[in-house]
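Taking it in order: structure first as C-alpha cells, then the write-up.
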Amino acid sequence: MKRVKPFIVLVSFLFVIILLIPTLLVVPFSEKADGKLSEGLQQQSSPSAEINNKNEGPAIEVAVYRSKEKKIEHIPLEKYVIGVVAAEMPAEFELEALKAQALTARTYIVKQMLNDQPISLPKGANVTDTIMHQVYYSDEELKRLWGADYSWKIKKITEAVQATHGQILTYNNVPIEASFFSTSNGFTENSEAYWENAFPYLKSVSSPWDEQSPKFYDRKMMSVAEFEQKLGVTLPKDGSVGVVLSRTPGKRVEMVEINGKKLKGREVREKLDLKSTDFTWVRKGDEIAITTKGYGHGVGMSQYGANGMAQEGKTYDQIVKYYYQGVHISSATAFLTKLTAKK
C-alpha cells in the first residue's frame, strides 16, 4: 500500500494541473478584453467609427502645390476636404450648408484627379491651394487665422466633412463640375452664359436668400480715364456710358455696347475687376459709379443661398439638389479605386 500512495498522489497532481491549464491560458486574454482590447472593440462599434468607415474606399492623397512655400504637399483626401471647407466657407454658417460645401469640395477634387489635367501646375501636383482651383488652409494656418476660435470652428467643419464622408455629386454616374460662388444677384447662372460649356445640371435657379448677404451690393468709383483705358473704349460726348444689349438667363449683363464697341459682360467684369456681371453704371463728371449685385461668377451653388436654405430647415442633400439640377449623391469608392489603379 505504501508503494501505491505516491502513484495516487502523482495522478491527483496531474489531474489538478490539467484542470488549471485552461484557466491559466484564458485569464491573460480576459484581462486584455477588460482593458485595451475591449476599448478597441467599443471604439469600432461607436457612431463616429461608423461615420469614418462609411464608404471608406481606398486611401487617396491629394498632391497640393503650396503656393507660398513653392512645394508639393501630399494630403489625405478627407483632411484636404476639411482644409478646403474651412477656407472657402465661414464656419459660422449652418451645419447643413457646410455639409453641402464639403460635397462640392470632394466632388471637385475627385473629378480633377480623374481628369488629370495639370494646367498651369508643377509636375506631380493635382491642384494649387488658391482660387485657381480650391483654396486650402492647413491646420497650422487655421490655428493662426482663427486664434481662440480654432477649437469650435475646426470641430464644426470636421463634423460636416465626416457627415458626408466618401460622398460626391454625380450626373449620369460621372462626377459633376461642382462650381460654387459666394453670392448671387437673386438668380444663379447657366454655365454656358459665363463659360463655353453647357451642363444640364448647371442651370439658372432663383436664389432669394442671397439678398441677406453682406456681399449682395457693391459700389465702385472709377475715373473716366481708367475706365476707357481698361476697356479700350472712348466714351461718347453726351455723358452716357454704355447700353446693355442683352441679359443672361440669370439676369446678368450678357452684352453691352459702348460708343459703338460691343463687349461681353464677363469681359467687362474681369477688366474692371467687378464683383459680378450684374452691373449698372452712371457717369458723374470725370468719374463713373458702378453698382453690382452679387459676388462671383454665379454658376452652381451660391454659398449664402445655401446658408439661407439651411436656416429655413433644408438639409444638405436638398440644398445641393436644388442648385445642381438632376444630380445624385453617390459613393466615391469606385472613382477612388480608379485613381489607385492609375498609380
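When THR340 is tested against the conditions (1) in contact with a Phe, Trp or Tyr (Cβ under 7 Å, 6 or more places away or on another chain); (2) over 17 Å from SER179 (Cβ atoms), the lone failure is (1).
Please count how many residues of region 191-200 are surrounded by fewer than 20 Cβ atoms within 10 Å (Cβ to Cβ) and within 18 Å of GLN325 (Cβ to Cβ). Give the steps one after another, and end with the answer.
Of region 191-200, the ones surrounded by fewer than 20 Cβ atoms within 10 Å (Cβ to Cβ) are 192, 195-200.
Filter once more, keeping what is within 18 Å of GLN325 (Cβ to Cβ): 192, 195, 197-200.
Qualifying residue count, region 191-200: 6.
For region 159-180, a tally of residues being of a type outside the set (A, V, I, L, M, F, W, C) and in a loop (DSSP other than H, G, I, E, B) returns 7.
Scanning region 124-174 for residues that are in contact with a strand residue (DSSP E or B) (Cβ under 6 Å, 6 or more places away or on another chain) and without any contact (Cβ under 8 Å) to a residue 60 or more places away in the chain returns a single hit, HIS133. The sole residue among VAL299, VAL268 that is β-branched (Val, Ile, Thr) and within 25 Å of the chain's Cα centre (by Cα) is VAL299.
Would you mind stating whether LYS123 is loosely packed, with under 15 Cβ neighbours inside 10 Å and modelled with pLDDT under 95?
Values: loosely packed, with under 15 Cβ neighbours inside 10 Å: yes; modelled with pLDDT under 95: yes.
Judged against the criteria, LYS123 is a match.
Here THR164 fulfils each of the conditions (1) in the same structural domain as TYR108 (by TED's automatic domain parsing); (2) buried (at least 21 other Cβ atoms within 10 Å of the Cβ); (3) over 18 Å from the mean Cα position of the chain (by Cα); (4) of a type in the set (Ser, Thr, Tyr) apart from (3). Do we have ILE131 as at pLDDT below 95 and closer than 30 Å to TYR217 by Cβ here? The answer is yes for ILE131. Scanning region 194-250 for residues that are assigned to a loop (DSSP other than H, G, I, E, B), of a type outside the set (Lys, Arg) and more than 30 Å from GLY300 (Cβ to Cβ) yields GLY232, VAL233, THR234, LEU235, PRO236, ASP238, GLY239, SER240, VAL241.
Within region 298-314, is even one residue of a type in the set (D, E, K, R) and in a loop (DSSP other than H, G, I, E, B)? Steps first, answer last, please.
Kept after step one, since they are of a type in the set (D, E, K, R), are these residues of region 298-314: 312, 314.
With in a loop (DSSP other than H, G, I, E, B) added as a condition, the list becomes 312, 314.
Yes: region 298-314 contains one or more residues that are of a type in the set (D, E, K, R) and in a loop (DSSP other than H, G, I, E, B).
Here region 211-246 is the region considered, the condition is being surrounded by 15 or more Cβ atoms within 10 Å (Cβ to Cβ) and charged (D, E, K, R), and the residue that is farthest from ILE288 (Cα to Cα) is GLU211. Residues that are aliphatic (A, V, I, L, M), touching a residue at least 24 places away in the same chain (Cβ under 8 Å) and part of a strand (DSSP E or B) within region 251-280 comprise VAL253, ILE258, LEU263, listed in sequence order.
Annotation: of all residues in region 256-281 being surrounded by fewer than 17 Cβ atoms within 10 Å (Cβ to Cβ), at pLDDT 95 or above and of a type outside the set (Lys, Arg), the one that is farthest from GLN212 (Cα to Cα) is GLU257.
Restricting attention to region 62-78, and to residues there that are surrounded by 15 or more Cβ atoms within 10 Å (Cβ to Cβ) and not aliphatic (A, V, I, L, M), which single residue is modelled with the highest pLDDT? Break it down into steps so the answer makes sense when it comes.
Let us first name the residues in region 62-78 that are surrounded by 15 or more Cβ atoms within 10 Å (Cβ to Cβ), namely 62-66, 72-73, 75, 77-78.
Narrowing the set further to residues that are not aliphatic (A, V, I, L, M) leaves 65-66, 73, 78.
Details: TYR65: 92, ARG66: 93, GLU73: 93, GLU78: 96.
Result: GLU78.
The values are calculated or read from the model by the stated rules, or taken from the named source; none is laboratory data. Not measured: the values here are computed from a predicted model. Heads up, the Cβs are rebuilt from the backbone with ideal geometry, glycines too, and the neighbour counts pull from every protein chain shown.
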